[in-house]
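**Student:** Handing you this structure, nothing more for now.
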Amino acid sequence: MRRIDTRNKKTHKSKGWVPAASVAVLLFGGGAAWTGAHGWDLKESAASLRGALGGETPTDAGSGGQKGTEENSAPDSAGQPTGDGPDQPADGVVTQPAGGTSEKGGDPASSADDPLAGIAEYDDNRPLPSEPTYIDGVLLANKKYPLPADFAPGVDPEAQEAFDEMAAAARLDGFELAPFSTFRTFERQKELYDQYVARDGVEAADRYSARPGYSEHQTGLTFDIGEVNQEQHWARDSFGDTEAGKWLFANAHRFGFILRYPEGKEDITGYMHESWHYRYVGKEIAAKIHSSGLTLEEYLLGSGKGAPSDPDK
Ligand SMILES: [Zn+2]
């Protein structure tokens with residue numbers, strides 16, 4: 001049943017930056033600043049966006065002007081969950097208690113009795129793998145399942161297409177979504193993580209920033225999403241309270257995206273709640289995850305898989 005698989009997938013070959021650039025064109029009418037030439041991190045993108053939209057000189061790029069950076073709602077807000085964020089599940093949802101989805105019988109493909117045990121922790125003694133991990137065909141990247149350092153597929157074309165479709169739907173409802181950070185290389189993640197450690201220390205940095213090789217952004221399937229002209233909410237808890245953030249939470253699954261790090265699931269996902277970080281998994285799985293309230297880890301590895309809203313597997 002459960003297959004943990006390490007192999008390359010043809011859909012994850014390097015595709016370069018064309019899709020990222022194309023959505024920038026869609027969003028900003030040819031905004032040349034959004035070429036995505038460098039990892040789309042928040043500071044650079046925010047500066048570029050301000051330049052593209054307002055003609056301002058991005059003088060504060062890289063400065064403290066942008067408190068939040070990717071995978072980061074900023075340490076001062078990190079410890080203060082709002083409690084009324086966008087993590088309220090839809091009706092009929094059954095939310096699994098954290099860590100409560102333990103084994104239901106043996107699985108010879110699994111390396112541990114409880115595949116969720118230690119899922120949120122780094123194993124400092126384990127080197128990066130030579131192949132990425134797919135479970136039932138779904139690429140998984142977290143603290144327990146890192147990626148090879150040279151895994152650099154670029155933005156996944158299917159995910160990009162889904163994002164474009166979602167952005168178009170959001171536009172009809174009055175929201176202009178901006179993907180301020182998408183694919184990141186191992187090297188870019190290393191730069192970011194090292195910066196955060198220097199600033200906040202390892203323990204704090206590990207709550208909001210992935211170590212190089214462990215970031216889901218390296219999969220090319222992840223989009224940090226904000227709203228155009230609302231940069232003050234980018235990569236911050238407050239995004240979840242905006243109308244755009246609420247729209248995204250309520251609708252992203254229809255386009256194949258899931259809120260990857262829900263509130264109250266840090267001991268499974270390994271990261272604090274991030275209202276802006278969405279992962280493409282395809283419409284079918286996204287719908288199941290959204291309606292069940294499970295995390296991707298629980299869906300793929302836990303006994304929650306198949307229940308309660310997954311009657312056909
Ligand atoms: Zn992110």
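**Student:** Does region 165-187 contain any residue that is more than 16 Å from the ligand (Cβ to nearest atom), closer than 17 Å to residue 260 by Cα and small (Gly, Ala, Ser)?
**Tutor:** Within region 165-187, none of the residues are more than 16 Å from the ligand (Cβ to nearest atom), closer than 17 Å to residue 260 by Cα and small (Gly, Ala, Ser).
**Student:** Further question: Looking at (1) hydrophobic (A, V, I, L, M, F, W, C); (2) more than 24 Å from residue 144 (Cβ to Cβ); (3) surrounded by fewer than 23 Cβ atoms within 10 Å (Cβ to Cβ); (4) within 14 Å of the ligand (Cβ to nearest atom), which is the one condition that is false for residue 234?
**Tutor:** If we test residue 234 against (1) hydrophobic (A, V, I, L, M, F, W, C); (2) more than 24 Å from residue 144 (Cβ to Cβ); (3) surrounded by fewer than 23 Cβ atoms within 10 Å (Cβ to Cβ); (4) within 14 Å of the ligand (Cβ to nearest atom), just (3) comes out false.
**Student:** List, please: which pairs have Cβ atoms under 6 Å, are six or more places apart or on different chains, and start with a residue in region 195-213 that is on the phi > 0 side of the Ramachandran plot and end with one that is of a type in the set (Gly, Ala, Ser) and at pLDDT 95 or above?
**Tutor:** Between residues of region 195-213 that are on the phi > 0 side of the Ramachandran plot and residues that are of a type in the set (Gly, Ala, Ser) and at pLDDT 95 or above, the close pairs are 213/149.
**Student:** Anything in region 258-283 that is of a type outside the set (D, E, K, R) and more than 14 Å from the ligand (Cβ to nearest atom)? List them, or say none.
**Tutor:** Scanning region 258-283 gives 264, 268, 281, 282.
**Student:** State yes or no: is residue 255 touching a helix residue (DSSP H, G or I) at 6+ places or on another chain (Cβ under 6 Å) and either within 12 Å of the ligand (Cβ to nearest atom) or among the hydrophobic types (A, V, I, L, M, F, W, C) (or both)?
**Tutor:** yes
**Student:** Hey, which of the helices (runs of 4 or more DSSP H) in region 163-265, taking only ones fully inside, have at least 1 residues that are modelled with pLDDT under 95 and of a type in the set (Ser, Thr, Tyr)?
**Tutor:** Where helices (runs of 4 or more DSSP H) fall fully within region 163-265 and carry at least 1 residues being modelled with pLDDT under 95 and of a type in the set (Ser, Thr, Tyr), they are 202-208.
**Student:** Kindly evaluate residue 214 against the criterion of being more than 16 Å from the ligand (Cβ to nearest atom), within 16 Å of the chain's Cα centre (by Cα), of a type outside the set (S, T, N, Q) and surrounded by fewer than 24 Cβ atoms within 10 Å (Cβ to Cβ).
**Tutor:** No, not satisfied.
**Student:** If you don't mind, there's one more thing I want to ask. Could you run through region 135-193 and say how many residues are of a type in the set (Gly, Ala, Ser) and within 22 Å of residue 213 (Cβ to Cβ)?
**Tutor:** Summing the residues that are of a type in the set (Gly, Ala, Ser) and within 22 Å of residue 213 (Cβ to Cβ) in region 135-193 gives 7.
**Student:** Can you tell me which of 243, 216, 231, 227 is touching a Ser or Thr at 6+ places or on another chain (Cβ under 7 Å) and farther than 25 Å from residue 119 by Cα?
**Tutor:** 227
**Student:** Determine whether residue 240 is surrounded by fewer than 22 Cβ atoms within 10 Å (Cβ to Cβ) and over 12 Å from the mean Cα position of the chain (by Cα).
**Tutor:** no
The values are calculated or read from the model by the stated rules, or taken from the named source; none is laboratory data. Because the structure is a prediction, the values reported are computed rather than measured. FYI the Cβ positions are ideal-geometry reconstructions off the backbone, even for glycines, and counts take in every protein chain you see.
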